[in-house]
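**Q** Mind having a look at this structure? Questions to follow.
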Amino acid sequence: MIKEYIIEKGLFSINTILIILSSLMVIFLLNESIPIIQNYGIGDFIFGLTWSPDNNIFGILPMIAGSVIITGLSLVLSIPLAISCAIFLEEIAPSNIKKLFKPIIQTLAGIPSVIYGFFGLTVIVPLIRNNFTGSGFSVITASIILAVMILPTIISVSQDAIKSVPENYKEASFGLGSTHWQVIRNIILPTALPGIVTAIILGIGRAIGETLAVLMLVGNVNIIPTSIFEPARTLTSNIALEMGYATGIHYNALFTTATVLFAMIIILMSICWMIQKRGVGNAC
C-alpha cells in the first residue's frame, strides 16, 4: 500500500510539474507577443502577406499556408503507408519478418533530422529538379522527407493499437465465417481507430514542429505556394532563420509567430481528438 501511494503521488507530482511548465511557457509566449498585438494588430499580423522586418512589416499568412500545406501533404503521403505497414506487421507478417522490421522502424525514429535533411539535399532535391519543374527546393521535397520522418511514429503507435484489439473479437468474427481481410476491415480497424488517430496526432505534432530538415529543403521563400513544386517558408523555419539577429519589435514578432504556431497545434490536435471521440462512439 505504501509503495502504491508513493507511485500515485509521484505520478501526480510529475503531471502537476508538466502542467505548471506548460502554463509558464504559454504565459511567456503571450507576454512577449503583447508589443505586436498592441502596436501592429493580431489581425494584420496573421493575415498579412508581407514579411519585411527592415520596414516593420510583419505578415505571416504565407508561412501559415506553407506549414499547413507541407504538414497536410506529408500526412497524405505517410498515413496510408504507415497504417498498411502496421496491419502487415501485426496481422500478416510471420514472426521472423516482424522481428526484422521492428528494429529498423525504431532506428528510423532515432535518426537526427539533419541526416534526413542531408538525404533530401543529395537525393530528393536533384530528383525533383531533374524530372519536374523548379529548383528542387519545394513543398513536395520537404513533404516527402517529413513523411519519412513521421512514418516510424505512426507505424509504432498504430501497431500497438491493432495489437490491443481483443482476440475474442477476431475469433468471433472468424467463427461467423469472415475472411481475414473482412476481420481486418470490419473488426480490427474500427476497434483500433482511437489508437490510430492518436498515432496521427503524434505525427501531426512531429511534422508541423519540424525545423531543420524543412529549413534545408523547402526553399524558404515567403510566398503562398500555388504548386507543390514551388518553394515556401514555414513558421518554424522563419523563427530559426531570424531569431539569431532579431531585436526590438522584430524579436517580438518571432515570439508571436511561435504563439500562433502553438495555437495551430492546439487547434489541429483538438480536431483530431474530436474525430477520435467520434470514432470511439461509432466503434461502440
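**Q** Anyone know which of Ile224, Ile239, Ile19 comes out most mobile in the 10 Å Cα GNM of the chain?
**A** The residue that fluctuates most here is Ile19.
**Q** When only C-alpha pairs under 8 Å and at least 6 residues apart count, what is the relative contact order of the stretch 40-283, in percent?
**A** The normalised contact order for the stretch 40-283 reaches 27 percent.
**Q** Shifting gears a bit: Please compute the modelled spin-label separation between Ile27 and Lys163, points set 7 Å along Cα→Cβ, answer in nm with one decimal.
**A** With each label placed 7 Å out from Cα toward Cβ, I get 4.1 nm.
**Q** What order do you get for Met243, Met274 when you list them from fewest to most C-beta neighbours inside 10 Å?
**A** Least crowded to most crowded, the residues run Met274, Met243.
**Q** Can I ask one more? Kindly point out which whole DSSP H helices in the chain project their C-alpha atoms 27 angstrom or further along the helix axis while averaging a Kyte-Doolittle hydropathy of 0.0 or above. Intermediate results must be reported in sequence, preceding the final value.
**A** Working: long enough: 2-39 (56 Å, 1.17); 61-87 (38 Å, 2.09); 139-163 (35 Å, 1.71); 189-209 (29 Å, 1.56); 248-283 (53 Å, 1.09).
Correct list, ordered by number: 2-39, 61-87, 139-163, 189-209, 248-283.
**Q** In addition: Could you calculate the contour length gain from Ile20 to Ser52, that is, 0.36 nm times the residue separation minus the distance between their Cα atoms, to one decimal place in nm?
**A** Numbers: separation 32, 0.36 × 32 = 11.52 nm, distance 3.55 nm.
Taking Ile20 through Ser52 to full extension adds about 8.0 nm, to one decimal.
**Q** Another question, then. With r as the distance between the Cβ atoms of Ile115 and Leu81 and R0 = 25 Å, compute the FRET efficiency 1/(1 + (r/R0)^6) and round to 0.05. Write out the running numbers ahead of the final one.
**A** Working: r = 20 Å, r/R0 = 0.81.
FRET efficiency, Leu81 to Ile115: 0.80.
**Q** For the chain, modelled as a GNM with alpha-carbon contacts under 10 angstrom, which of Gly48, Gly120, Gly175 fluctuates the most?
**A** Answer for the Gaussian network model of the chain: Gly175.
**Q** Specify which labelled value, from (i) 17.5; (ii) 20.0; (iii) 15.5, agrees with mean projected area of the Cα convex hull in nm² derived from the coordinates of the model shown.
**A** Looking at mean projected area of the Cα convex hull in nm² for this model, the match is (ii).
**Q** Please list, in chain and number order, the residues 5+ apart from Ile57 or on another chain whose amide H is under 5 Å from its amide H, with Hs placed from the backbone.
**A** Residues meeting the criterion, in which the H sits 1.01 Å from N, are Ser52.
**Q** Quick one: compute the contact order of the stretch 1-86, relative version, from alpha carbon pairs under 8 angstrom and 6+ residues apart, as a percent. Walk me through the numbers on the way to the answer.
**A** Values: 31 pairs, mean separation 11.1, N = 86.
Relative CO of the stretch 1-86 lands at 13 percent.
Where a number appears in this text, it was derived from the coordinates with a stated rule and is not lab data. What you are looking at is a predicted structure, and each value in this text was computed from that prediction instead of being measured. Here Cβ is always computed from backbone atoms with ideal geometry, including for glycine, and neighbour counts include all displayed protein chains.
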